[in-house]
Amino acid sequence: MISGSFLKRIYYFFFGAAFLTAFFTAFLAFGAAFFTAFLAFVAAFLTGLVIFFFAGAMYLGLNIRAKKNTKEHNIRHFTLMQRNRMVTIYTDGSCKGNPGPGGWAAIFLNESQNQPIKVLKGSSINTTNNRMEMAAIIEALEYVKKEFGKERVKIISDSNLLVQSLNLGWKRKANLDLWEKLDDARKNLQVEYSWVKGHATNKWNNECDKIANKEADNPSGEMSAYDNSNPNQDTLF
C-alpha cells in the first residue's frame, strides 16, 4: 500500500516539473521574442544607415556634378566668346582725393550676362578719376586682344564724359598719353561704348565700383603708367 507521504512527494515533483517547464517555456518564448525584436531593430537601423549614407552620397554627387556643370558651362561660354561672340565688359574707375590713390576694375560677363567669367583690377598711387576710368577700358581691351583676338566688344561704363568722347570723337586736350594707349588698344576691334548710370541699380556697375574702390583703398605702392602726369588737371579734353 502506497503511503500518503510518498503521494505527496510525487505530487510536488510533478507540480515542480510543470512549473519549471512553464517557466522555462515562457522564458524561452520571451527570449525568442526579445531576440527577434532586437534583430528587427538592428536590421531597421542598418537599413536606415545604408539609406542615409546612400542619400548623402547622392546629394554630394549631385552637388559636385552641379558645380562641375557650372564650371564647364562658364568655360564653354568663355570659349564661345573667344571664337565669335560679343564680349560684354563693365568698367569703372575710382580715386580718393582726385588726385590721389586710385583703382580700376573690369568685369567680363558670360553670354547671358548673368555671371562674371573674368575680373581685371589694378591701382595707382597718385592718379585721377578720369585716368582710372580710362585705365579700366584700356586694360579690358588689351586683354580681349590678347586672349580673344579680333572680336566685337561692348564696353559699359558710368563715365558719360568718356563714353561720349569715344562715340562722338570730341577733341582731346588732356590725358593724351592714355588716349594714345586707348586708341592702340582698340585697334582691330569692333567696340561699342554704352553708358550706365553709376551708383544706381545696375548690379555689375555696382560690383565694378566696389572692386575699384577697394583697389583705391589699398594701392600697390608702385608707380604705374596710369599715375597722374598733371596733378592739377582732371579732364578728358
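A short reminder: the numbers here are calculations on the coordinates, not readings from a lab. Quick caveat: nothing in here was measured; it's all calculated off a predicted structure. Virtual Cβ from ideal backbone geometry, glycine too; neighbours counted across all protein chains shown.
In table form, for the structure just shown:
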quantity: Simple label model, 7 Å out from Cα along Cβ direction - Ala40 to Ser194, nm; calculated: 6.8 nm
quantity: Cross-link pairs Lys181/Lys214; Lys146/Lys214; Lys96/Lys187; Lys145/Lys214; Lys96/Lys197; Lys96/Lys203 - those with Cα-Cα distance over 28 Å; calculated: Lys96/Lys187
quantity: Among Ala136, Trp170, Gly103 - extreme Cα towards positive end, dipole of the stretch 87-217, charges at beta-carbon; calculated: Trp170
quantity: Relative packing of 122-130, 164-172, 99-107, which averages over residues the other C-beta atoms within 10 Å, highest first; calculated: 99-107, 122-130, 164-172
quantity: Counting all C-alpha pairs of the stretch 87-217, share separated by more than 27 Å (%); calculated: 11 percent
quantity: Calculated from backbone phi, Karplus (6.51, -1.76, 1.60) coupling profile of the stretch 208-218 in Hz, x at Gly/Pro; calculated: 4, 4, 4, 5, 4, 5, 5, 5, 5, 6, 9
quantity: Ranked by how many other beta carbons lie within 10 Å on average, peptides 173-185, 86-98 from highest; calculated: 86-98, 173-185
